[in-house]
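Worksheet: one structure, shown below.
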Amino acid sequence: MTDLQITLFGAGGVFIVGVFSYNKWQEYKAKKSVERAFSTDHDDVLMREGDAPAVEAQEPVLRQEPRFDAAPAAKAEPSFGAPPAAPVPDAPVHAEPSLGVAGMEAPAAAPVAPVQQEVSAASEQATSLVDPLIDCLLPLSLEAPVRGDKILPVLQTLRLVGNKPVHFIGLHVNGDWEPITHGGVYTKMQGGVQLASRSTALNELEYSELVTRLRGVADEIGAEPEVPDMMEVMAEARNLHRFVAGHDAQLGVNLHTNGAPWAISTLLFALENQGFDVRPDGRFVMPDGDGGYLFSLSTNVTLAEETTPRLTLLLDVPCVAPARDGFGAMVACAKALVGRLDATIVDDYNQALSDAALAEIAGQVQEFYQEMDAADIPAGSTRALRLFS
């Protein structure tokens, strides 16, 4: 037998062994794929040991599942002022931002009052995070129930697109929509990206980025996203931003010294006595008693300056609830400082503001509040604070 024949026999043997090994490897991969497809090693929340209900003949209890109300079939142009219809979370329908009261249906009455209150609070928090009025809704169908602690790290990777926040809520196995939390088990999910902010509306580039990243997140958690039509979302975003821009009102009153400029050190003492807090960024704010503030004050000079002849009190109107009477509190504070500092209340052109002029402005503020109420974005509400941020 020649060297050539030996070589050919050896090569043939190696080829046969290679083909056989490759076939075995493919068979092994296929077997593992089938095992994964039909395996039950995920957490079956309905079949855990010790949790099986007692076998007892009884009538089934009908429970109304909390959900976003289904939107009407006819899709109208977004109109700010009419009550909106919110889509079912697992339907590819996006709510028109028609500025009406929107939210989830109340769950069936629970037998124990404290539990019912807790459920209501969770549902309310979920609605504030994913709001059909100001968010683009992104339903996510889950392949199987998932635990919050397993999906939260993935969801944390998608918190913003541009400067628009993205939030997720889930339908808990107890039937209540709530923010995704550790320890929770969810059968459905709903995402939402804010359509507009004080500065801009959601744009095409941001939405495209959102869709790409959302699909990646969905693949990791075993979900299928339902993405609304871009043109419809852009129209809603522009419409909402027009409303925000038209109601972005900040009112200021000024105090001008009647004599020499005030020393900053003297002002600090007077402002602290008046109840102002100094924030880390150097702003003076009047606390509202609940962790927020009613209005702010500026010295109109840099920190390097030692004196100033003018102070400005500023009210962010859409961010303060009417019940707090932010404008009235600001005017009362200005009048108190007039006595402390020997100053005059003036407008931006240094013209003195009379009590009649201030009362007229107060009336305009009340009209502004009525407009926001009619649009279902009450001043100072969670919805308003999200939009005017």
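Values for this structure:
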| item | result |
| --- | --- |
| Tensor-based shape of the stretch 215-254 (alpha-carbon gyration tensor, a/c under 1.5 rounded, otherwise prolate or oblate) | oblate |
| Cubic angstrom per residue, convex hull over Cα atoms of the stretch 235-322 | 139 |
| Near-label residues of the stretch 248-286 by backbone N, under 19 Å of a point 7 Å along Cα→Cβ of A357 | 250-259 |
| Gyration tensor (alpha-carbon) shape descriptor, the stretch 299-338, a/c threshold 1.5 | oblate |
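Values in this text are rule-based calculations from the coordinates and carry no lab data. Remember, predicted model here, so these are calculated numbers, not experimental data. As a convention, Cβ positions derive from the backbone with ideal geometry for all residues, glycine included, and neighbour counts pool all protein chains shown.
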